[in-house]
Every structure is written in C-alpha cells, then in structure tokens.
Amino acid sequence: MPVVEGLAFQYALHELPLGRLSLRRWRWELWHGARLEAAGWRLSQREAARALRLHGSRVGHRLFGLKAPEEDSGSVPAFQPGASVRVSHGAVAFALHPVHLESAAAPLAL
C-alpha cells in the first residue's frame, strides 16, 4: 500500500492542575500551522498521546481525501512531552513536533 509522507503537525501536551476531584488530567492540542485541528483531555499521558496520534491520522487522511482506518486497539507507547515523533497509520505517515512557546516565556521589551 502506498503511503503519503511529508505531513507535519505541532502538538501541545501538558498536565493540568488538580481540580476539585483530585484527578490527574492531561491536556492535548493538535495544530496544523496556525489552525487548531483537535484538542481535549485524557486521564493519562499515554491516552493523551494516543489521542494525538489518532486525530493526527484522521486529519492527515482527510487532507489527502482518503478514508481513515478504524481505530486500532493495539498498545500505543507513550512519548515524553517535548519529543518529536514519527507516526505511520493507514496510508498516511506524519511527524508530531512540539509547539514552541518561546514568545510567551520571553520578557516584554518596553
């Protein structure tokens, strides 16, 4: 099966502060350029990473006019936030790169 390559997404993945129920939650966002393609939260880092990969695959297939494969129930290894990852799912291969937020951390010049 031919695989379409060369697609890249940016992602944000971080732990949210504890809420009233003391549940650990992980917030994830999937970006394609300046466009937010998908976002949400999960109860574990592994599930948040899995959601990033699944939604990246869906968006990638949609961009090329292909039908996305069904969600695979296999084990998906977690990756550390801030790492770049190559993903191949169905007929699309893509890269996930972390969103760089240097401008938010830089002090304002007056």
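What is the gain in length, in nm to one decimal, between Arg62 and Trp41 on full extension, counting 0.36 nm per residue of separation less the C-alpha to C-alpha distance? Walk me through the intermediate numbers first.
Details: separation 21, 0.36 × 21 = 7.56 nm, distance 2.25 nm.
Separation in residues times 0.36 nm, less the Cα-Cα distance, equals 5.3 nm.
Would you tally the net charge around Leu18, using a Cβ to Cβ cut-off of less than 14 Å, leaving Leu18 out, and scoring K and R as +1, D and E as -1?
Taking every Cβ under 14 Å from that of Leu18, the sum is +3.
Where q = 0.15, 0.22, 0.26 Å⁻¹, what log10 of I(q)/I(0) comes from the Debye formula for segment 22-94, counting one point per Cα?
Taken in order of the listed q values, log10 I(q)/I(0) reads -0.51, -1.07, -1.39.
Given R₀ = 35 Å, what would the calculated FRET efficiency be for Glu70 paired with Arg25, taking r from the Cβ atoms and rounding to 0.05?
It comes to 0.85.
Just so you know, all these numbers are worked out from the coordinates, no wet-lab data involved. These numbers were taken from a predicted model, which means no experiment stands behind them. Quick reminder, even Gly has a Cβ in these numbers, built from the backbone with ideal geometry, and neighbours come from all protein chains shown.
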